[in-house]
Amino acid sequence: MSESRAPRIESNDLNLEDLFKDFYCVPDFQREYVWETDHVEKLLQDVQDEFYDEENRLTPDREYFIGSIVACKDPGGVYQLIDGQQRMTTIFLVVCAIRDQLEELGQEAPESLRKIIRDVAADPTTGDDVSKYRLVLQYEDSRDILERIAEPSESLPNEDSATSSTRNIMTAYHSIRQFLRANFPNNGQDLKRFRVALLQRVKLIRILTPNLAHALKVFETINDRGVGLNAMDLLKNLLFMRTESRHYQRLKNQWKMLVDVLDEADEKPLRFLRYYVMSQYTIDVRDGLREDQIYDWFVEHTPEVGIDRDPLGVAAHLVECAKAYRGFLKGKSPQDDNIPHLANIGKLAGGAVRQHLILALAGRHLPSDLFSELIRNVENLFFCYLITREPTKYFERNFAAWAPRLREVQDEEGLKMFIEGYIHKDMVKRIRDVEYAMQELAQGRIQKYRLRYILAKLTQHVEKAAWGNQVDDTLDRCLSANVEIEHILPQTPDPGVKEAFDKPEEYGEYLGRLGNLALLEKTINGSVRNGPFTAKLPGYAESSFLLTRSISQMPQVGSNTALNRAVAGLKTFATWTSKDIIERQEMLARLAERVWLADVAGEEET
């Protein structure tokens, strides 16, 4: 009588290069691709933060773990993905985008990279070699979008006819392209090195089951129980170990509230815990605090945190900070007042970059007026960091180092000293870099949402200077769905427009420059979209935005009025040549100094 044996489950620790030596498919019963821009940018930003130092140099030997996938093999040897399709699809898109970015830079993609997208494999039915994509989506909603991206000669579908899944995948692909353009704009060799680090040092665990039924069971178990214990689980256990049994229910309720608040904020618990520690305690900023070090930090600092003497108080403090954190993401102060500058930072950061919340948590004790002034200055500094492409590790380290001093601030004078001593001091170092970045800023060098933020802030500044308190600090009007980015040199010009430009061979370069862009109401933009400059001027004159209107005509009301002072320094244009575009960009760069650098004007370091 043969001995019965349980089906074997294999688990392998693989880097992406080894992972994509096999072929995968997402079965037709799986849900569609749902990742949004924030998820994609967070993955890319985390990889970059892990592998690059503060000087933006690639560091050796660092690895980055992105979780696990569950799969089973079909009769043809293809791995059916039961769990992990969002990550696998995104990684496949990243590889395609790296190939396309290299070709955009005039460099041929390495053969090893191409084989991760498509390779040959033996067909078990015929015995012949067949060419196959490494990842195929079988659910109907995908409509071959992945194959069309993987095959650069294929055109992408029109967004109007796209399904939700295809739109999400196209948006993810374009977000990746923007990330690569912003971080590797001119150097294909640096991009190739990034590619090697990504494929060889990003790892995950592939759990392989003998059949679909077992794969689904493993998937259910993982999602029900979690894979191992992370710092959040371990901290919870530590608090329970230090709590008297009669208080278990109270602690359980507090912990559930903490989890619910973070879930409502759509925040990763481990990121919150990192920022909580950085904002509420003093850490060694030279080494930072990685997610895998969080629990050890709590154990080593148990007396300071108060886990032994008051575990319920620690849990209550975590909940209190989490509620404030949730409010910050909604643009609210701890007193529930609207803080427009918090919302503005969200528009600038795009959700993937949240280091400013370290300072927000450290300053949450301040009354709303002082808290708003703090965040206004943080927004200005954050802009300086992002426009000059400062590595996120740098400002995370700065904010963690400044947090203990900020926690001591109790009044307006103390806040002023803090802002001048830390925020303004750091901004002064970047004045020239910000000026240069604004003079060179172009559409392909920055994410679209950041470009919209910049145009919105410039536009809003002129409005506020003209109309005063009638204009609030929010960017809602400028970022409305009814407002579009207008290309003064049109993207799809009518016949003759491109040839009439004084540098037609460089049309594409000038097309994306900041000087060629403005915010314009959609109702007006539809009528001026592709025509020559002279035909567009009447449309610009109709805009309610003074900065846009000034392209065509300069508003005048009386003499020496606030309106006239607001438009001082702006320029009206009768022609639209390469020289005019550069001149307007220089004008906008000067305006940017008044928007973001006014507090440190005249303090530039020599």
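Odds and ends about this structure:
- Here each label is just a point 7 Å from Cα along the line to Cβ, and for Ser155 and Lys21 those points are 4.0 nm apart.
- Of the peptides 234-246, 95-107, the ranking by mean beta-carbon count within 10 Å, highest at the top, reads 95-107, 234-246.
- A Förster radius of 41 Å combined with the Cβ-Cβ distance from Thr59 to Ala568 puts the calculated FRET efficiency at roughly 0.25.
- Long-range amide H partners of Tyr64 with built H, under 5 Å: Val202, Lys203
- For the stretch 10-225, with +1 on Lys and Arg beta carbons and -1 on Asp and Glu, the positive-most of Val136, Thr166, Gln189 along the dipole: Gln189
- Hydrodynamic radius by Kirkwood, which averages 1/r over all alpha carbon pairs of the chain, in angstrom: 27.1
- Dipole in debye (nearest 20) - the stretch 440-600, about Cα centre, beta carbon charges: Lys, Arg +1; Asp, Glu -1: 180
- Linear extension gain, Leu105 paired with Asp411, 0.36 nm per residue minus alpha-carbon span: 104.9 nm
- Over all other residues within a Cβ to Cβ distance under 14 Å of Gly288, the charged ones net out to -4, with Lys and Arg as +1 and Asp and Glu as -1.
- In a reduced charge model with +1 at each Lys and Arg Cβ and -1 at each Asp and Glu Cβ, the stretch 10-225 shows a dipole moment near 240 debye about its Cα centre.
- Taking amide H as placed 1.01 Å from N in the peptide plane, the amide H of Tyr52 sits under 5 Å from that of Thr59, each at least 5 places away or on another chain.
- If R0 equals 25 Å, the separation of the Cβ atoms of Gln138 and Ser11 corresponds to a calculated FRET efficiency of about 0.50.
- Charge sum, other residues only, whose C-beta stays under 13 Å from Glu320's C-beta, Lys/Arg counted +1 and Asp/Glu -1: +3
- Placed amide H near Ile69: partners under 5 Å, 5+ positions off or other chain: Ile205, Arg206, Ile207
- A straight Cα-to-Cα reach below 17 Å connects Lys332 with the aspartates and glutamates Glu264, Asp266, Glu267, Glu320, Asp369, Glu373, Glu379, Asp472, Asp473, Asp476, residues fewer than 8 places away in its own chain not being considered.
- With a cut-off of 9 Å between beta carbons, the residues surrounding Thr59 carry a summed charge of -1, where Lys and Arg count +1 and Asp and Glu -1.
- Value of relative contact order over the chain, rounded to a whole percent, pairs C-alpha under 8 Å and six or more apart: 13
- Computed from the Cβ-Cβ distance with R0 of 22 Å, the FRET efficiency linking Glu542 to Ile485 stands at 0.80.
- 3J(HN,Hα) couplings calculated from phi for the stretch 507-515 with the Karplus curve 6.51 cos²θ - 1.76 cosθ + 1.60 (θ = phi - 60°) are, in sequence order, 3, x, 5, 6, 4, x, 5, 4, x Hz; Gly and Pro show x.
- Backbone HN-Hα couplings from phi across the stretch 415-426 [Karplus 6.51/-1.76/1.60, Hz, Gly and Pro as x]: 5, 4, 5, 5, 4, 5, x, 10, 5, 5, 4, 6
- The distance between label points at Thr163 and Glu244 comes to 5.9 nm (points 7 Å beyond Cα on the Cα→Cβ vector).
- The stretch between His317 and Arg271 holds 14.9 nm of extra length on full extension. This uses 0.36 nm per residue minus the Cα-Cα distance.
- Adding -39500 (n - 2.57) for every DSSP H run of four residues or longer, then dividing by how many residues the chain holds, sets the calculated 222 nm ellipticity at -16000 deg cm²/dmol.
- Over 27 Å (Cα to Cα) - which of Lys429/Lys457; Lys416/Lys571; Lys416/Lys457; Lys448/Lys503; Lys425/Lys457; Lys256/Lys448 fall in this group: Lys416/Lys571; Lys256/Lys448
- A simple packing score, the average count of other Cβ atoms within 10 Å per residue, orders the peptides 472-479, 300-307 as 472-479, 300-307, with the highest score first.
- Potential lengthening between Arg286 and Ala535 on full extension [0.36 nm per residue; Cα-Cα distance subtracted]: 83.9 nm
Every number here is computed from the coordinates shown, using simple stated rules; none is lab data. Just so we're clear, the structure is a prediction, and the values are computed from it rather than from any experiment. We place every Cβ from the backbone using ideal geometry, glycine too, and count neighbours over all the protein chains shown.
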